[in-house]
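Let me begin by presenting the structure, written as C-alpha coordinates, before commenting on it.
The values are calculated or read from the model by the stated rules, or taken from the named source; none is laboratory data. All values reported here derive from a predicted model rather than from experimental measurement. Cβ: placed from backbone, ideal geometry, glycine included. Neighbour counts: every protein chain shown. Ligands, DNA and RNA are excluded from the accessible area calculation, which covers all protein heavy atoms including side chains. Shrake-Rupley method; radii C 1.70, N 1.55, O 1.52, S 1.80 Å.
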Amino acid sequence: MATTRTKRPPAAPATSGTRPVWIHEDDPAPGWAEEVRALAAERDAVILAHNYQLPAVQDVADHVGDSLALSRIAASVPHRQIVFCGVHFMAETAKILAPAKQVLIPDPAAGCSLAATITADQLRAWKAEHPGAVVVAYVNTTAEVKAESDVCCTSSNAVDVVASIDPAREVLFVPDRHLGAHVARVTGRDLHLWDGQCHVHDEIGGEVLAQAIAEDPAADVLVHPECACATSALEMAASGAIKADRIRIVSTGGMLDEARRTRVDRVLVATEVGMLHQLRRANPDVRFDPVDPWAVCPYMKMTTPTTLLTCLRDGRGEVHVDPATATRARAAVERMITIGAGGAP
Ligand code: 13P
Ligand code: SF4
(Lines give C-alpha, C1' and ligand atoms only; values in the text may rest on other atoms or scores of the structure.)
(Ligands and ions follow the chains in the order given, each with its own letter.)
Protein backbone atom coordinates (compact mmCIF):
# COMPACT_ATOMS: atom_id res chain seq x y z
CA MET A 1 0.00 0.00 0.00
CA ALA A 2 1.48 3.38 -0.96
CA THR A 3 1.74 5.72 1.98
CA THR A 4 3.23 9.09 2.84
CA ARG A 5 4.13 8.09 6.39
CA THR A 6 7.77 8.37 7.30
CA LYS A 7 7.78 5.92 10.22
CA ARG A 8 9.37 2.64 9.16
CA PRO A 9 9.02 -0.80 10.71
CA PRO A 10 12.16 -2.33 12.22
CA ALA A 11 12.64 -4.76 9.34
CA ALA A 12 11.61 -5.09 5.71
CA PRO A 13 7.95 -6.05 5.50
CA ALA A 14 6.94 -9.49 4.33
CA THR A 15 4.23 -9.38 1.69
CA SER A 16 0.70 -10.65 1.82
CA GLY A 17 -1.22 -10.17 -1.40
CA THR A 18 -0.04 -6.88 -2.86
CA ARG A 19 0.28 -5.05 0.47
CA PRO A 20 3.16 -5.22 2.92
CA VAL A 21 2.53 -6.75 6.32
CA TRP A 22 5.46 -6.77 8.72
CA ILE A 23 5.26 -9.81 10.97
CA HIS A 24 8.34 -11.25 12.63
CA GLU A 25 8.44 -15.04 12.99
CA ASP A 26 11.41 -16.75 14.58
CA ASP A 27 12.84 -19.91 13.10
CA PRO A 28 11.81 -22.72 15.44
CA ALA A 29 13.09 -26.30 15.22
CA PRO A 30 11.00 -28.60 13.00
CA GLY A 31 8.35 -30.38 15.06
CA TRP A 32 8.10 -27.52 17.62
CA ALA A 33 4.31 -27.40 17.37
CA GLU A 34 3.96 -31.14 18.10
CA GLU A 35 6.33 -30.74 21.06
CA VAL A 36 4.27 -27.79 22.37
CA ARG A 37 1.08 -29.85 22.14
CA ALA A 38 2.71 -32.87 23.84
CA LEU A 39 4.12 -30.74 26.68
CA ALA A 40 0.76 -29.01 27.17
CA ALA A 41 -0.94 -32.41 27.52
CA GLU A 42 1.76 -33.66 29.90
CA ARG A 43 1.46 -30.56 32.11
CA ASP A 44 -2.35 -30.37 31.93
CA ALA A 45 -1.94 -26.90 30.42
CA VAL A 46 -4.34 -24.94 28.25
CA ILE A 47 -2.77 -22.53 25.75
CA LEU A 48 -4.64 -19.24 25.27
CA ALA A 49 -3.60 -16.80 22.52
CA HIS A 50 -4.76 -13.26 21.84
CA ASN A 51 -5.82 -12.31 18.31
CA TYR A 52 -2.63 -10.18 17.94
CA GLN A 53 -0.23 -13.09 18.46
CA LEU A 54 1.98 -14.37 15.66
CA PRO A 55 0.03 -16.67 13.29
CA ALA A 56 2.14 -19.72 14.26
CA VAL A 57 1.37 -19.11 17.95
CA GLN A 58 -2.35 -18.66 17.23
CA ASP A 59 -2.37 -21.91 15.27
CA VAL A 60 -0.85 -24.00 18.10
CA ALA A 61 -3.15 -22.58 20.82
CA ASP A 62 -6.25 -24.25 22.26
CA HIS A 63 -8.21 -21.00 22.19
CA VAL A 64 -7.68 -17.73 20.27
CA GLY A 65 -9.76 -14.67 21.08
CA ASP A 66 -10.14 -11.13 22.33
CA SER A 67 -9.44 -10.01 25.89
CA LEU A 68 -12.96 -10.65 27.13
CA ALA A 69 -13.33 -14.09 25.58
CA LEU A 70 -9.93 -15.20 26.89
CA SER A 71 -10.72 -13.90 30.41
CA ARG A 72 -13.97 -15.88 30.39
CA ILE A 73 -12.14 -19.01 29.23
CA ALA A 74 -9.40 -18.55 31.87
CA ALA A 75 -12.10 -18.35 34.54
CA SER A 76 -13.73 -21.60 33.48
CA VAL A 77 -11.14 -24.07 32.10
CA PRO A 78 -10.51 -27.22 34.17
CA HIS A 79 -6.73 -27.35 33.49
CA ARG A 80 -4.06 -27.12 36.19
CA GLN A 81 -2.00 -24.62 34.20
CA ILE A 82 -2.76 -21.70 31.86
CA VAL A 83 -0.11 -20.64 29.34
CA PHE A 84 -1.10 -17.13 28.25
CA CYS A 85 0.24 -16.04 24.87
CA GLY A 86 -0.49 -12.35 25.12
CA VAL A 87 0.77 -9.45 27.19
CA HIS A 88 1.39 -9.29 30.91
CA PHE A 89 -1.88 -7.65 32.03
CA MET A 90 -3.81 -10.42 30.24
CA ALA A 91 -1.90 -13.17 32.08
CA GLU A 92 -2.36 -11.24 35.33
CA THR A 93 -6.11 -11.05 34.69
CA ALA A 94 -6.16 -14.83 34.18
CA LYS A 95 -4.33 -15.28 37.51
CA ILE A 96 -6.80 -12.95 39.26
CA LEU A 97 -9.71 -14.99 37.91
CA ALA A 98 -8.11 -18.39 38.54
CA PRO A 99 -5.91 -17.92 41.63
CA ALA A 100 -5.50 -21.66 42.27
CA LYS A 101 -4.02 -22.27 38.81
CA GLN A 102 -0.44 -21.77 37.73
CA VAL A 103 -0.39 -19.07 35.01
CA LEU A 104 2.65 -18.84 32.75
CA ILE A 105 3.54 -16.19 30.16
CA PRO A 106 6.22 -17.09 27.59
CA ASP A 107 7.95 -13.70 27.98
CA PRO A 108 7.17 -11.87 31.25
CA ALA A 109 8.63 -8.66 29.77
CA ALA A 110 5.70 -8.43 27.32
CA GLY A 111 4.12 -5.25 28.66
CA CYS A 112 1.59 -2.81 27.19
CA SER A 113 2.19 0.88 26.45
CA LEU A 114 -1.45 1.65 27.27
CA ALA A 115 -1.40 -0.12 30.66
CA ALA A 116 1.79 1.85 31.44
CA THR A 117 -0.03 5.20 31.13
CA ILE A 118 -1.59 5.01 34.60
CA THR A 119 -0.33 3.84 38.00
CA ALA A 120 -2.35 3.02 41.11
CA ASP A 121 -1.00 6.19 42.80
CA GLN A 122 -2.16 8.34 39.89
CA LEU A 123 -5.59 6.73 39.98
CA ARG A 124 -5.89 7.24 43.76
CA ALA A 125 -5.05 10.93 43.30
CA TRP A 126 -7.66 11.28 40.51
CA LYS A 127 -10.30 9.53 42.63
CA ALA A 128 -9.58 11.97 45.47
CA GLU A 129 -10.51 14.83 43.09
CA HIS A 130 -13.85 13.11 42.29
CA PRO A 131 -15.20 11.59 45.50
CA GLY A 132 -18.07 9.18 44.86
CA ALA A 133 -17.23 8.66 41.18
CA VAL A 134 -17.41 5.16 39.69
CA VAL A 135 -14.07 4.02 38.23
CA VAL A 136 -14.27 2.00 35.02
CA ALA A 137 -10.90 0.49 34.12
CA TYR A 138 -10.17 -0.93 30.71
CA VAL A 139 -8.70 -4.41 31.15
CA ASN A 140 -5.42 -3.02 29.74
CA THR A 141 -4.29 -1.98 33.24
CA THR A 142 -2.09 -3.47 35.96
CA ALA A 143 -3.57 -5.54 38.80
CA GLU A 144 -2.87 -2.60 41.17
CA VAL A 145 -4.96 -0.24 39.03
CA LYS A 146 -7.75 -2.83 38.77
CA ALA A 147 -7.71 -3.10 42.58
CA GLU A 148 -8.49 0.66 42.73
CA SER A 149 -11.37 0.30 40.25
CA ASP A 150 -15.06 -0.50 40.60
CA VAL A 151 -15.53 -2.37 37.36
CA CYS A 152 -13.29 -3.43 34.47
CA CYS A 153 -14.28 -3.59 30.81
CA THR A 154 -12.81 -4.67 27.50
CA SER A 155 -13.38 -3.07 24.13
CA SER A 156 -16.18 -5.57 23.48
CA ASN A 157 -18.29 -4.73 26.54
CA ALA A 158 -17.19 -1.18 27.49
CA VAL A 159 -20.48 0.29 26.24
CA ASP A 160 -22.55 -2.23 28.22
CA VAL A 161 -20.46 -1.65 31.34
CA VAL A 162 -20.89 2.15 31.23
CA ALA A 163 -24.59 1.82 30.33
CA SER A 164 -25.06 -0.34 33.45
CA ILE A 165 -23.94 2.51 35.75
CA ASP A 166 -26.48 4.80 37.42
CA PRO A 167 -26.66 7.92 35.16
CA ALA A 168 -26.57 10.12 38.27
CA ARG A 169 -23.03 8.95 39.11
CA GLU A 170 -19.83 10.55 37.85
CA VAL A 171 -17.65 8.09 35.88
CA LEU A 172 -13.85 8.07 35.66
CA PHE A 173 -12.77 6.04 32.61
CA VAL A 174 -9.15 4.83 32.51
CA PRO A 175 -6.81 4.68 30.70
CA ASP A 176 -7.68 4.83 26.96
CA ARG A 177 -8.97 8.19 25.74
CA HIS A 178 -9.96 6.94 22.28
CA LEU A 179 -12.03 4.03 23.63
CA GLY A 180 -13.44 6.37 26.30
CA ALA A 181 -14.49 8.93 23.67
CA HIS A 182 -16.16 6.16 21.66
CA VAL A 183 -18.07 4.89 24.71
CA ALA A 184 -19.13 8.43 25.64
CA ARG A 185 -20.44 8.94 22.09
CA VAL A 186 -22.39 5.67 21.97
CA THR A 187 -23.88 5.91 25.48
CA GLY A 188 -24.41 9.69 25.45
CA ARG A 189 -22.72 9.78 28.86
CA ASP A 190 -20.40 12.52 30.04
CA LEU A 191 -17.28 10.59 31.11
CA HIS A 192 -14.05 11.85 32.65
CA LEU A 193 -11.32 10.37 30.45
CA TRP A 194 -7.74 9.57 31.44
CA ASP A 195 -5.33 10.84 28.78
CA GLY A 196 -3.79 7.46 27.91
CA GLN A 197 -3.38 5.69 24.60
CA CYS A 198 -1.81 2.62 23.02
CA HIS A 199 1.21 3.64 20.92
CA VAL A 200 0.18 1.22 18.15
CA HIS A 201 -3.46 2.29 17.78
CA ASP A 202 -2.70 5.96 18.39
CA GLU A 203 -0.63 5.93 15.19
CA ILE A 204 -3.66 4.84 13.14
CA GLY A 205 -5.05 8.34 12.76
CA GLY A 206 -7.65 9.98 10.55
CA GLU A 207 -5.23 10.72 7.70
CA VAL A 208 -4.00 7.12 7.57
CA LEU A 209 -7.60 5.89 7.44
CA ALA A 210 -8.66 8.44 4.81
CA GLN A 211 -5.72 7.44 2.61
CA ALA A 212 -6.50 3.71 2.89
CA ILE A 213 -10.14 4.38 2.00
CA ALA A 214 -9.13 6.60 -0.94
CA GLU A 215 -6.97 3.75 -2.27
CA ASP A 216 -9.73 1.15 -1.91
CA PRO A 217 -13.05 3.02 -1.95
CA ALA A 218 -15.15 -0.12 -2.47
CA ALA A 219 -13.91 -1.87 0.70
CA ASP A 220 -15.80 -2.01 3.98
CA VAL A 221 -13.91 -0.78 7.05
CA LEU A 222 -13.46 -2.25 10.55
CA VAL A 223 -11.93 0.03 13.20
CA HIS A 224 -10.81 -0.93 16.72
CA PRO A 225 -12.05 1.70 19.21
CA GLU A 226 -8.49 2.20 20.56
CA CYS A 227 -7.53 3.75 17.19
CA ALA A 228 -6.98 7.49 16.97
CA CYS A 229 -9.12 7.38 13.79
CA ALA A 230 -12.26 6.09 15.57
CA THR A 231 -13.75 9.59 15.79
CA SER A 232 -12.80 10.61 12.24
CA ALA A 233 -14.22 7.30 10.95
CA LEU A 234 -17.63 8.34 12.23
CA GLU A 235 -17.17 11.90 10.94
CA MET A 236 -16.39 10.47 7.49
CA ALA A 237 -19.59 8.41 7.68
CA ALA A 238 -21.60 11.46 8.83
CA SER A 239 -20.20 13.62 5.99
CA GLY A 240 -21.00 10.95 3.39
CA ALA A 241 -17.29 10.35 2.54
CA ILE A 242 -18.04 6.69 3.19
CA LYS A 243 -21.49 5.12 3.56
CA ALA A 244 -22.33 4.73 7.27
CA ASP A 245 -23.23 1.05 6.89
CA ARG A 246 -19.75 0.29 5.49
CA ILE A 247 -17.83 1.28 8.60
CA ARG A 248 -17.90 -0.47 12.01
CA ILE A 249 -16.11 0.35 15.26
CA VAL A 250 -15.63 -2.98 17.01
CA SER A 251 -13.36 -5.00 19.31
CA THR A 252 -11.16 -7.70 17.84
CA GLY A 253 -13.87 -10.26 18.70
CA GLY A 254 -16.46 -8.03 17.02
CA MET A 255 -14.26 -7.88 13.90
CA LEU A 256 -14.43 -11.67 13.66
CA ASP A 257 -18.21 -11.61 13.93
CA GLU A 258 -18.29 -9.04 11.11
CA ALA A 259 -15.88 -11.14 9.01
CA ARG A 260 -18.12 -14.20 9.28
CA ARG A 261 -21.27 -12.36 8.15
CA THR A 262 -19.92 -9.88 5.59
CA ARG A 263 -21.18 -10.05 2.02
CA VAL A 264 -18.51 -7.79 0.51
CA ASP A 265 -15.26 -9.03 -1.02
CA ARG A 266 -12.80 -6.51 0.47
CA VAL A 267 -12.42 -5.20 4.00
CA LEU A 268 -9.91 -2.70 5.43
CA VAL A 269 -8.92 -3.36 9.02
CA ALA A 270 -7.70 -0.68 11.45
CA THR A 271 -5.96 -2.51 14.28
CA GLU A 272 -2.83 -4.52 15.05
CA VAL A 273 -1.89 -6.67 12.04
CA GLY A 274 -1.97 -10.00 13.93
CA MET A 275 -5.77 -9.75 13.69
CA LEU A 276 -5.66 -10.39 9.95
CA HIS A 277 -4.78 -14.06 10.49
CA GLN A 278 -8.06 -14.92 12.23
CA LEU A 279 -10.10 -12.73 9.85
CA ARG A 280 -8.64 -14.45 6.78
CA ARG A 281 -9.26 -17.86 8.33
CA ALA A 282 -12.83 -16.94 9.24
CA ASN A 283 -13.69 -15.92 5.69
CA PRO A 284 -11.11 -16.95 3.06
CA ASP A 285 -13.26 -15.56 0.20
CA VAL A 286 -12.81 -11.99 1.46
CA ARG A 287 -9.65 -9.92 1.06
CA PHE A 288 -8.73 -8.35 4.42
CA ASP A 289 -6.07 -5.63 4.26
CA PRO A 290 -4.55 -3.54 7.04
CA VAL A 291 -5.31 0.19 7.15
CA ASP A 292 -1.79 0.53 8.56
CA PRO A 293 0.52 -2.37 7.64
CA TRP A 294 3.03 -1.20 10.25
CA ALA A 295 0.62 -1.41 13.15
CA VAL A 296 2.65 -4.09 14.92
CA CYS A 297 2.54 -4.45 18.71
CA PRO A 298 6.11 -5.28 19.72
CA TYR A 299 4.90 -6.67 23.05
CA MET A 300 2.48 -9.11 21.46
CA LYS A 301 5.26 -10.29 19.15
CA MET A 302 7.54 -11.17 22.10
CA THR A 303 5.78 -14.53 22.27
CA THR A 304 7.33 -16.64 19.53
CA PRO A 305 7.31 -20.38 18.83
CA THR A 306 10.67 -20.57 20.62
CA THR A 307 9.65 -18.63 23.76
CA LEU A 308 6.42 -20.65 23.96
CA LEU A 309 8.29 -23.95 23.66
CA THR A 310 10.88 -22.90 26.27
CA CYS A 311 8.14 -21.76 28.64
CA LEU A 312 6.40 -25.15 28.44
CA ARG A 313 9.64 -27.14 28.60
CA ASP A 314 11.09 -25.33 31.62
CA GLY A 315 7.89 -24.13 33.33
CA ARG A 316 9.35 -20.60 33.31
CA GLY A 317 7.48 -17.28 33.32
CA GLU A 318 5.06 -17.84 36.19
CA VAL A 319 2.80 -14.84 36.86
CA HIS A 320 2.28 -13.82 40.49
CA VAL A 321 -0.24 -11.30 41.79
CA ASP A 322 -0.11 -10.19 45.42
CA PRO A 323 -3.11 -12.02 47.00
CA ALA A 324 -4.53 -8.88 48.70
CA THR A 325 -4.32 -6.93 45.43
CA ALA A 326 -5.83 -9.87 43.54
CA THR A 327 -8.79 -10.06 45.94
CA ARG A 328 -9.58 -6.35 45.43
CA ALA A 329 -9.06 -6.56 41.67
CA ARG A 330 -11.17 -9.74 41.35
CA ALA A 331 -14.41 -7.95 42.21
CA ALA A 332 -13.89 -5.47 39.33
CA VAL A 333 -12.80 -8.19 36.88
CA GLU A 334 -15.68 -10.52 37.79
CA ARG A 335 -18.15 -7.71 37.12
CA MET A 336 -16.50 -7.31 33.72
CA ILE A 337 -16.92 -10.94 32.68
CA THR A 338 -20.58 -11.00 33.63
CA ILE A 339 -21.54 -7.80 31.72
CA GLY A 340 -22.19 -7.83 27.97
CA ALA A 341 -22.54 -10.69 25.57
CA GLY A 342 -19.02 -10.16 24.20
CA GLY A 343 -20.20 -8.81 20.83
CA ALA A 344 -19.53 -5.52 19.17
CA PRO A 345 -19.99 -2.32 21.17
P1 13P B 1 -9.38 -6.59 22.50
O2 13P B 1 -10.09 -6.25 23.77
O3 13P B 1 -10.17 -6.22 21.31
O4 13P B 1 -8.93 -8.00 22.54
O5 13P B 1 -8.06 -5.69 22.41
C6 13P B 1 -7.03 -5.81 23.35
C7 13P B 1 -5.91 -4.92 23.04
O8 13P B 1 -4.85 -4.96 23.62
C9 13P B 1 -6.12 -3.96 21.99
O10 13P B 1 -4.94 -3.31 21.74
FE1 SF4 C 1 -1.11 -2.77 24.59
FE2 SF4 C 1 -1.42 -1.53 22.29
FE3 SF4 C 1 -0.10 -3.81 22.35
FE4 SF4 C 1 -2.77 -3.78 22.75
S5 SF4 C 1 -1.68 -3.25 20.87
S6 SF4 C 1 -1.26 -4.90 23.94
S7 SF4 C 1 -3.01 -1.85 23.84
S8 SF4 C 1 0.54 -1.88 23.33
In 10 Å bins starting at 0, how do the alpha-carbon pair distances of region 93-201 split up by percent?
-> 14, 46, 31, 9, 0
Approximate shape of region 12-170 as ellipsoid semi-axes (Cα gyration tensor, √5λ), whole Å, largest first | 33, 20, 14
With every protein chain present, what is the per residue accessible area of region 62-110 (1.4 Å probe, Å²)?
-> 30
Which trypsin sites (Lys or Arg not before Pro) from region 141-238 combine a DSSP loop assignment with at most 12 other Cβ atoms within 10 Å?
-> R169
Can you spot the lysines whose alpha carbon is less than 28 Å from K146's alpha carbon? Ignore those fewer than 8 places along the same chain.
-> K95, K101, K127, K301
Rg over Rh [alpha-carbon atoms, Kirkwood Rh] for region 241-293 | 0.92
Alpha carbon convex hull of the chain, volume per residue in cubic angstrom = 132
Highest mean packing first, using Cβ neighbours within 10 angstrom, the peptides 288-298, 74-84 sort as 288-298, 74-84
Tell me, what % of the accessible area of the chain is carbon and sulfur with a 1.4 angstrom probe?
-> 52
Solvent-accessible area per residue, Å², over region 182-229 with all protein chains present [probe radius 1.4 Å] = 38
Packing rank of 190-201, 151-162, 310-321, where each peptide gets the mean count of other beta carbons within 10 Å, highest leading | 151-162, 190-201, 310-321
Honestly region 258-318 on the Cα gyration tensor test (a ≥ b ≥ c root eigenvalues; a/c under 1.5 rounded, otherwise a/b vs b/c for prolate or oblate) is just prolate
In whole Å, what is the distance between the alpha-carbon centres of region 67-86 and region 102-176?
-> 20
